[in-house]
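The values are calculated or read from the model by the stated rules, or taken from the named source; none is laboratory data. Every value quoted in this text rests on a predicted model; they were computed, and no experiment measured them. We place every Cβ from the backbone using ideal geometry, glycine too, and count neighbours over all the protein chains shown. Heads up: the accessible areas ignore ligands, DNA and RNA and are worked out on the full protein's heavy atoms, side chains in. Shrake-Rupley method; radii C 1.70, N 1.55, O 1.52, S 1.80 Å.
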Amino acid sequence: MTAFMIVVCSCMPQTSLPTIKAHPDKTTIRIWLWQGSGLESLIQAYKDSHQGIDVEIVTSQYDDIQPNLMIAFATRSDSPDLVLLDSSQINQMKNFPAYFHNLYEYGDEHVHYLDWKWRQAESDDGSFLFALPADIGPVALAYRFDLFAAAGLPAGRTEITAMLGSWDDLE
């Protein structure tokens, strides 16, 4: 019995040496993203400002996120704490409310979003919020740099970005 107590106390220094304070364990948040989502820098900023939080980012191909999530639900394993889904994928997730937290339990931030975008993340009766909208995209600018250059316009990515920094610049 004495040997058992030595082993237990040696694994818990705050028990055997009460003046030593144990460092609290960090909480790890596991996030699934698709490649090129652009959220990595925001997640890193969050992690840097919350010292007790560790963030594990799992990056997959866009087309793999939803099937991997469905597999995680079916096997009851390896599911993320947060997952980036496209709005076209959220309807299928609504069939699995037991695997989601109702975000309405944390407050209603509806006033910060467009009505139509908010409704995409709600249950049909409006009582359950599955997700928060990240954007109202997609937004992309595709252009032929050779035609821009021939027209005397800036043609490089950096120059185009500087030239078209707001919606008003598109007019």
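Quick look at the values:
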item: W32 vs. criteria in contact with a Pro (Cβ under 8 Å, 6 or more places away or on another chain) and not in a loop (DSSP other than H, G, I, E, B); result: yes
item: Selected residue [open to solvent by 100 Å² or more (accessible area, probe 1.4 Å) and within 18 Å of the chain's Cα centre (by Cα)] from Y106, Y113, Y62, Y99; result: Y106
item: Verdict on A155 being of a type in the set (A, V, I, L, M), at pLDDT 90 or above and outside any helix (DSSP H, G or I); result: no
item: All positions within the range 97-115 that are part of a loop (DSSP other than H, G, I, E, B) and either at pLDDT below 90 or farther than 28 Å from D54 by Cβ (or both); result: G107, D108, E109, Y113, L114
item: Residue check, D48 at pLDDT below 90 and of a type in the set (D, E, K, R); result: no
item: Output for the range 116-128, where each listed residue is within 16 Å of S87 (Cα to Cα) and either among the hydroxyl-bearing types (S, T, Y) or loosely packed, with under 11 Cβ neighbours inside 10 Å (or both); result: W116, S123, D124
item: Cβ pairs under 7 Å, 6+ apart, first in the range 87-113 and under 13 Å from S127 (Cβ atoms), second among the polar types (S, T, N, Q) and open to solvent by less than 60 Å² (accessible area, probe 1.4 Å); result: K94/S123
item: Test: residue in the range 129-148 that is under 24 Å from I31 (Cβ atoms), in a helix (DSSP H, G or I) and not hydroxyl-bearing (S, T, Y); result: no
item: Any pair with Cβ under 6 angstrom, 6 or more apart, that starts in the range 114-134 at a residue that is at negative phi and touching a residue at least 24 places away in the same chain (Cβ under 8 Å) and ends at one that is among the basic types (K, R) and surrounded by 11 or more Cβ atoms within 10 Å (Cβ to Cβ); result: P133/K117
item: Sole residue being within 18 Å of the chain's Cα centre (by Cα), surrounded by 14 or more Cβ atoms within 10 Å (Cβ to Cβ) and at pLDDT below 90, chosen from P133, P80, P138; result: P133
item: Test: S37 is within 18 Å of the chain's Cα centre (by Cα), at pLDDT below 90, open to solvent by 50 Å² or more (accessible area, probe 1.4 Å) and closer than 21 Å to A140 by Cβ; result: no
item: Among the candidates Q92, Q51, residue that is surrounded by fewer than 15 Cβ atoms within 10 Å (Cβ to Cβ) and part of a loop (DSSP other than H, G, I, E, B); result: Q51
item: Residue tally, condition among the charged types (D, E, K, R) and modelled with pLDDT under 90, over the range 116-130; result: 1
